[in-house]
Amino acid sequence: QVQLVEFGGGLVQAGGSLRLSCAASGIILSSNIVGWYRQAPGKQRELVASISNFGSTSYVNSVKGRFTISRENAKNMVYLQMNSLKPGDTAVYYCNVEVVGTGFKYWGQGTQVTVSS
């Protein structure tokens with residue numbers, strides 16, 4: 001059974017930093033594509049950053065230069081380091097794993113990030 005658990009969200013002032021963590025069981029993150037999505041109230045869920053099974057990363061334009069996605073294979077975890085946070089980054093952040101070759105996706109329960117101005 002695949003389980004994804006996100007943690008590290010919270011309330012931070014604009015300009016601050018947070019690091020989100022995604023812990024996985026039942027699936028090897030380094031063998032699949034892992035993405036961080038976010039969904040703000042009244043908005044569609046959007047892909048913020050992803051890391052492929054080859055280690056290549058990609059980011060939505062709005063977070064480039066501020067967010068960094070990384071993984072720690074030994075712990076089977078993926079992180080999202082978020083710096084220079086803005087109120088517009090406020091959302092629920094979700095960890096997602098897409099199984100390579102199938103397109104099937106697993107989701108975590110989400111963690112709230114709130115950035116105050």
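The values are calculated or read from the model by the stated rules, or taken from the named source; none is laboratory data. As the structure is a computational prediction, the values presented were derived from the model and not from experiment. Cβ atoms come from the backbone with ideal geometry, glycine included; neighbour counts cover every protein chain shown. Each accessible area value is taken on the protein alone, full model and side chains, heavy atoms only, with ligands, DNA and RNA left out. Shrake-Rupley method; radii C 1.70, N 1.55, O 1.52, S 1.80 Å.
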Scanning region 43-90 residue by residue, those of a type in the set (Gly, Ala, Ser) and on the phi < 0 side of the Ramachandran plot turn out to be 49, 50, 52, 56, 58, 62, 70, 74, 88
Please verify whether residue 71 is at pLDDT 95 or above, open to solvent by less than 30 Å² (accessible area, probe 1.4 Å) and basic (Lys, Arg), treating the condition exactly as stated. no
Note on region 43-89: residues within 19 Å of residue 111 (Cβ to Cβ) and charged (D, E, K, R) are 43, 45, 46, 66, 71, 72, 75, 86, 89
Among the residues of region 1-29, the number that are of a type outside the set (A, V, I, L, M) and not in a loop (DSSP other than H, G, I, E, B) is 9
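Mind listing whichever residues of region 33-52 are surrounded by 17 or more Cβ atoms within 10 Å (Cβ to Cβ) and in contact (Cβ under 8 Å) with a residue 40 or more places away in the chain?
Once the filter is applied, which keeps residues that are surrounded by 17 or more Cβ atoms within 10 Å (Cβ to Cβ) and in contact (Cβ under 8 Å) with a residue 40 or more places away in the chain, region 33-52 yields 33, 34, 35, 36, 37, 38, 48.
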Has region 81-104 got at least one residue that is touching a residue at least 60 places away in the same chain (Cβ under 8 Å), surrounded by 15 or more Cβ atoms within 10 Å (Cβ to Cβ), under 18 Å from residue 3 (Cα atoms) and of a type in the set (S, T, N, Q)? yes
